[in-house]
Amino acid sequence: MRAEPQAAPYRPDPQILALADWIGDAVDPADFPKAVPRFRNRQWDAAVGLGDLSDEQWVRHMARFEPLPDNMPRPLALRYHGHQFRVYNPEIGDGRGFTFAQLRDGAGRLLDLGTKGSGLTPYSRTADGRLTLKGAVREILASEMLEALGVYTSKTFSVIETGEELWRGDEPSPTRSAVLVRLSHSHIRIGTFQRLAVLGEDDHLAALVDYCLAQFPGPSAPDAAPGRDEPAVKLMHQAVERLADLAASYMAGGFVHGVLNSDNMNITGESFDYGPWRWLPRWEPGFTAAYFDHAGLYAFGRQAEAIRWNLAQLAIALRRLAEAEPLIAALERFPELYHAAMARRFTWRLGVESQGAKADFALMTAAEQAMREGGIGPDAFFFAHRGGRRAEGALGEALASYAPLPGDHPYWAEAEPQAMLIDEVEAIWAAIAERDDWRPLQAKVAAVREMGRALGEPPVPAGHGPG
């Protein structure tokens, strides 16, 4: 059974203020005409000491953005660059969001409260700084499903409808507006390092490395790794380990992020920022989530490649602080770490004990073949064969020597698995858009969380926190 986040006292700790002069710009939130609470994450508000806030207080802090006690006095719109579909863009940054608080959870992790749709910033360019309510609902669904599947993800912490009419080319318009707050293990991106490197701000780059090592401690580099004690090299090893696991968790989850640009890669290895995501309706490596990804750069089967490419951009940025050889050595660990994480993640979701990357490869090959031949997606496959049940042919042979994981849950006796396919997502939104009926969303969140309990604790590697 998965442990729920534990209640903890409120522990403000705005460490980012030490970097504030060069990592972001102080901004003011939009003055929204309305503030109607639509979603509050009761699994996580108490975990960071905010569970006792009244509804009125919640609106003041999560929509009006009054500073939390002893926390950041003003929000920071963060500065970063990034490769977007492999094209470098120095004109980006937080265009409709900001970080407005940092606090510790019960495990001592430093977490950010950041926004999406909170108004104009110096990086908004031609956009309006707003978020559609549909976009917020989609982010709730994506983050809840990923958390249940054991992916290390940001949490949708709050959604408040804001009473504006927005015009969008990809939604029937005018459409409703919202401001979203996410609870995230940092908003430091690979693109944050890229910006400092391109601008030649080496002192700031070194300070950012030190900040990340101090605030987001992770696994040590292998003893034989060259330069393993150099700060930039140490951070590179940690990022490679974390993001190799993230890539594997996407694959085992059947998830397509859609926009794996370097400004969407968190240095902590945490997944975040859910726009054109999809889950696989069937096992198809070429499946894409974003309608504008014409070349399939971020297709399902290319996500590990995309994440590794982004890590190479981090190595290039860190080259200003360290020699190339140890950074390349860290990057070259990615394939082995990814395959080990795939074995760990895949067998966990299937409900059997891993036998190691080499032995598990045959099982994963048989599973992929079964999904292709059966025309089914990962959700149906993992549910049908939980613990090795009902497996025949090559799959049955591959599973014959695998022991089921201990534990049981009524979820596994249900008629069908929980999934997050696009037709259901659109139906959940239609209930809200047409009838202002939030019950299908609430029921889906509850059902997905129950699935997470059935799956149990995910195989979290060193350097990660819960969920």
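Bear in mind these aren't lab numbers, they're just calculated from the coordinates by the rules spelled out. Because the structure is predicted, anything quoted here is derived from the model rather than measured. Neighbour counts run over all protein chains shown; Cβ positions are idealised from the backbone, glycine included.
Key figures
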read-out: Within straight-line cross-link reach of LYS134, lysines at Cα separation under 18 Å, skipping those fewer than 8 residues along the same chain; value: LYS34, LYS116, LYS155, LYS444
read-out: Cα radius of gyration and Dmax for the chain (Å); value: 21.6, 62
read-out: Cα-projected label distance for GLU56 with ALA20, points at 7 Å along beta-carbon direction, nm; value: 2.8
read-out: About the Cα centre, charge dipole magnitude for the chain (Lys/Arg +1, Asp/Glu -1 at Cβ), debye; value: 280
read-out: Cα gyration tensor shape for region 323-467, rounded if a/c is under 1.5, else prolate or oblate; value: oblate
read-out: Rel. contact order, % - alpha carbon contacts under 8 angstrom, at least six apart, region 15-190; value: 25
read-out: Within straight-line cross-link reach of LYS358, lysines at Cα separation under 30 Å, skipping those fewer than 8 residues along the same chain; value: LYS234
read-out: Loop GluC sites (Glu not before Pro), region 295-387, which have at most 15 other Cβ atoms in a 10 Å radius of their Cβ (DSSP); value: GLU323, GLU332, GLU353
read-out: Net charge, ALA312 excluded, C-beta distance under 14 Å - Lys, Arg +1, Asp, Glu -1; value: +2
read-out: Space enclosed by the convex hull of the alpha-carbon atoms of region 254-324, per residue, Å³; value: 97
read-out: Span-like helix ranges in the chain, DSSP H, alpha carbon extent 18 angstrom or more, Kyte mean at least -0.5; value: 133-148, 202-215, 231-253, 303-318, 334-350, 357-374, 422-435, 439-455
read-out: Exposure proxy ranking, count of Cβ atoms within 10 Å, fewest first, for VAL198, VAL425; value: VAL198, VAL425
read-out: SER401 versus VAL460: modelled label distance in nm, points set 7 Å from Cα along the beta carbon direction; value: 3.2
read-out: Three-way shape call for region 79-124 based on the alpha-carbon gyration tensor, with the a/c threshold at 1.5; value: oblate
read-out: For region 388-463 and region 113-141, distance of Cα centres in Å; value: 29
read-out: Over region 15-190: Kirkwood hydrodynamic radius from C-alpha pairwise inverse distances, Å; value: 16.7
